[in-house]
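The block underneath contains the structure these notes are about, expressed in structure tokens.
Just so you know, all these numbers are worked out from the coordinates, no wet-lab data involved. On a predicted model such as this, the values are computed, not experimentally measured, just so you know. Reconstructed Cβ throughout: ideal geometry from the backbone, glycine too, with neighbour counts over all protein chains shown.
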DNA sequence: CTGAAAGCGCTTACAG
DNA sequence: CTGAAAGCGCTTACAG
């Protein structure tokens with residue numbers, strides 16, 4: 001049997017209130033009694049029961065990270081960042097992935113989950129809006145990751161999609177490319193929209209216009225990047241450079257270029273967005289826009305904890321800067337070797 | 001205020017015991033009363049409090065996955081597998097990463113964590129052995145992932161390292177290579193040891209011996225693979241093929257080959273182990289041994305849940321098969337294009 | 001089939 | 001500085 005606070009109190013010859021105070025440092029304790037309590041705890045290997053504590057304090061010291069089931073491997077970084085930050089604050093991290101479309105079953109376990117946590121980081125839109133509103137009304141803090149707040153009034157975090165895209169396209173323009181294709185993401189996703197906007201903004205700044213012919217749809221996956229690139233390569237004249245709205249599509253696009261017998265970047269430059277792990281291993285290594293997922297995870301936890309600790313400032317949305325990562329697929333002469341961490 | 005079981009009972013005009021029975025399906029309820037309860041719950045948007053339930057039942061419906069802080073991105077797959085399987089069984093997943101070496105601080109939050117879960121999957125050796133034994137004595141089920149049970153008598157899961165390595169080296173031998181180098185992992189890691197064993201076994205089966213000159217140490221990271229390969233390339237005669245004990249080292253090794261002006265596989269074949277995501281994007285795409293991390297995560301959860309549900313069969317260690325993934329770095333003429341999911 | 005009541009292991013006013 | 005006691009929201013024998 002696990003020892004309880006009563007076992008400890010008995011062994012130390014004090015009341016359970018004293019043990020509790022020692023545990024929480026919630027009141028001064030006579031040095032002698034403290035020593036006895038400390039010893040009893042150590043002897044028994046006592047660990048307080050989280051459920052009992054949770055029930056008494058209406059607090060769990062854990063937060064949840066909800067993400068879509070089909071999220072790319074770079075959610076790993078998000079998790080890592082969140083876990084690190086939560087751990088540092090003495091919180092635990094519960095993760096939960098939801099199917100997205102057909103809620104239903106999810107909804108129930110998700111409901112149960114929310115009573116296990118003090119707050120949620122929502123990195124998925126798969127959650128029913130009204131459900132989220134319910135939670136908020138009940139006072140559960142929520143921060144949205146990579147999504148517009150929309151109807152939900154709450155803190156949110158997203159990368160600077162438009163800014164990153166603008167920077168990328170400006171870089172291509174500086175290379176001298178003028179006919180630049182864009183492989184778009186799903187129209188419904190804010191990320192995709194914003195990246196398209198950045199693309200157009202950059203062109204406009206050069207007094208170029210954003211022509212529909214050069215903008216082809218994609219679905220943020222490898223295969224759609226492949227077919228999109230095939231379409232672009234059939235244009236006359238061919239684009240000098242192509243900007244894929246994410247790296248996965250850029251990978252597919254790269255294959256399409258090779259299969260057509262052309263070379264990157266000599267015949268077409270090709271760049272992406274996200275800086276997923278494989279990007280640097282491609283041939284040529286992919287020039288792309290880095291998003292700091294770990295940083296997003298950490299920041300989300302920080303913002304959430306502030307709310308949990310009672311912050312009442314108005315909802316805030318933080319836009320995290322992105323970073324241009326120049327490799328070789330844009331035509332730059334970046335270091336040839338695959339990078340080695342020394 | 002969140003509704004409690006009392007609110008529901010009052011609204012439905014029944015006792016809290018009846019509501020509880022409805023919630024748990026633990027007894028037959030008159031159809032009429034059931035309808036009233038169901039309605040009250042829906043109206044109020046009632047969700048049972050996990051802490052209270054946990055305290056009453058000494059159960060949490062959540063399990064923990066503990067992994068090393070510095071784990072590669074392929075722990076993402078492990079998490080994914082575990083989450084899927086846990087979710088399907090109505091369990092939640094708590095994740096926790098530990099620094100490994102200097103326990104201390106970790107130990108405390110880890111202790112608290114264990115009272116939040118019904119069982120643990122340990123994918124890290126960073127946890128103090130005696131601590132784990134304590135948990136086991138107290139009846140907390142544990143399954144070890146990727147580690148030998150050692151002193152801890154418990155279920156465990158690991159990939160067939162020796163078998164996978166043997167298969168890989170046999171493949172190289174079938175190519176006709178006879179002088180095959182091995183880049184070893186850290187001596188202390190079972191995985192590394194077993195892969196070395198597989199390498200030697202395969203050679204022995206061809207009546208070749210496992211010569212120390214051809215076995216160079218590495219640390220499972222890119223840089224050590226790089227330097228190890230440099231050493232191997234300076235041997236006379238040069239190895240015809242090199243087997244790196246993991247893909248990360250193979251990536252470093254590949255760079256070393258390029259820098260020396262040689263080609264893979266024409267001048268040296270090069271293969272790895274793990275099949276991490278970048279492997280297929282390398283030039284040439286890396287032949288390697290695939291480990292099913294998702295499968296390991298799922299199986300771990302299955303085994304753990306069986307224990308939680310009271311299974312008392314003797315501790316079992318399951319060895320998961322690996323799979324040879326032939327790409328081009330071994331000299332095979334696998335499909336040239338980067339693979340596309342259609 | 002249903003209810004009253006005890007109990008799970010904590011925390012925290014309330015007294016002293 | 002310390003203790004006795006109430007209460008957090010559930011579950012589950014025990015009666016009926």
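Sort chain B into rounded, prolate or oblate with this rule: let a ≥ b ≥ c be the square roots of the eigenvalues of the Cα gyration tensor; rounded if a/c is under 1.5, and if a/c is not under 1.5, prolate when a/b is larger than b/c, oblate otherwise. Prolate, since a/c reaches 1.5 and a/b exceeds b/c. The packing ranking, built from the mean of other Cβ atoms within 10 Å per residue, places the peptides B:191-199, A:187-195 in the order B:191-199, A:187-195, highest first. Taking every alpha-carbon pair under 8 Å whose residues sit at least 6 apart, chain B reaches a relative contact order of 16 percent. Relative to the longest principal axis of the Cα atoms of chain A, the long axis of helix A:293-308 makes an angle of roughly 40 degrees. Compute the long axis of helix A:161-174 from its Cα atoms, compare it with the longest principal axis of the Cα atoms of chain A, and write down the angle in degrees, 0 to 90, nearest 10. For A:161-174 against chain A, the angle is about 30 degrees. A Förster distance of 45 Å, applied to the separation of the beta-carbon atoms of residue B:44 and residue B:134, puts the FRET efficiency at 0.60. Note on the protein assembly as shown: antiparallel DSSP beta bridges, both residues inside, total approximately 10 percent of the bridges counted. Within 10 Å of the Cβ of each residue in B:87-97, the mean number of Cβ atoms contributed by other protein chains is 6. Comparing B:142, B:63, B:215 in a Gaussian network model of chain B where C-alpha atoms under 10 Å apart are linked, the largest mean-square fluctuation is found at B:215. Give the percent of DSSP beta bridges with both residues in chain A that are antiparallel, rounded to the nearest 5. DSSP beta bridges in chain A are roughly 10 percent antiparallel. Structural descriptor for region B:5-48: relative contact order 44 percent, calculated from alpha carbon pairs under 8 angstrom and at least 6 residues apart.
Between A:12, A:202, A:253, the residue with the greatest mean-square fluctuation in the GNM of chain A (Cα pairs under 10 Å linked by springs) is A:12. Volume of the convex hull of region A:5-48 (Cα atoms only), normalised per residue: 57 Å³. When B:53, B:133 are sorted by how many other C-beta atoms sit within 10 angstrom of their C-beta, beginning with the fewest, the order is B:133, B:53. Against chain B, whose longest principal axis is taken from its Cα atoms, helix B:105-114 shows a tilt of about 50°. Peptide A:213-223 is shielded by partner chain Cβ atoms: per residue, an average of 1 of them sit within 10 Å of its Cβ. Using C-alpha pairs under 8 Å with a sequence gap of at least 6, the mean separation divided by the residue count of region B:54-203 gives a relative contact order of 20 percent.
Rounded if a/c is under 1.5, else prolate if a/b beats b/c, else oblate: with a ≥ b ≥ c from the C-alpha gyration tensor eigenvalues square-rooted, which is region A:161-291? Because its axes are fairly even, with a/c under 1.5, region A:161-291 counts as rounded.
Between this copy and the others, label points of residue B:201 are 5.8 nm apart in ascending order, each placed 7 angstrom from Cα in the Cβ direction.
Reported to the nearest whole Å, the Cα centre-to-centre distance from region B:244-306 to region B:14-52 is 53.
Residues B:204, A:234, A:171, ranked from the fewest to the most other C-beta atoms within 10 Å, line up as A:234, B:204, A:171. For peptide A:50-61, the mean count of partner chain Cβ atoms within 10 Å of a residue's Cβ comes to 5. Take residue A:90, push a point 7 Å out from Cα through the beta-carbon direction, and compare it with the same point in every other copy: 3.4 nm, smallest first. Each copy carries residue B:175; placing its label point 7 Å along the C-beta direction from Cα gives inter-copy distances of 3.3 nm, listed from smallest up. Restricting to region A:1-142, what percent of DSSP beta bridges are antiparallel, rounded to 5? Of the beta bridges lying entirely in region A:1-142, close to 0 percent run antiparallel. For the pair residue A:263 and residue A:231, the difference between a 0.36 nm per residue extended length and the Cα-Cα distance amounts to 9.9 nm. Shape class for the protein assembly as shown: oblate, because the ratio a/c of the largest to smallest gyration tensor axis (alpha-carbon atoms, square roots of eigenvalues) is 1.5 or more and b/c is at least a/b.
Going by neighbour counts of Cβ atoms within 10 Å, the residues A:147, B:266 line up, fewest first, as B:266, A:147.
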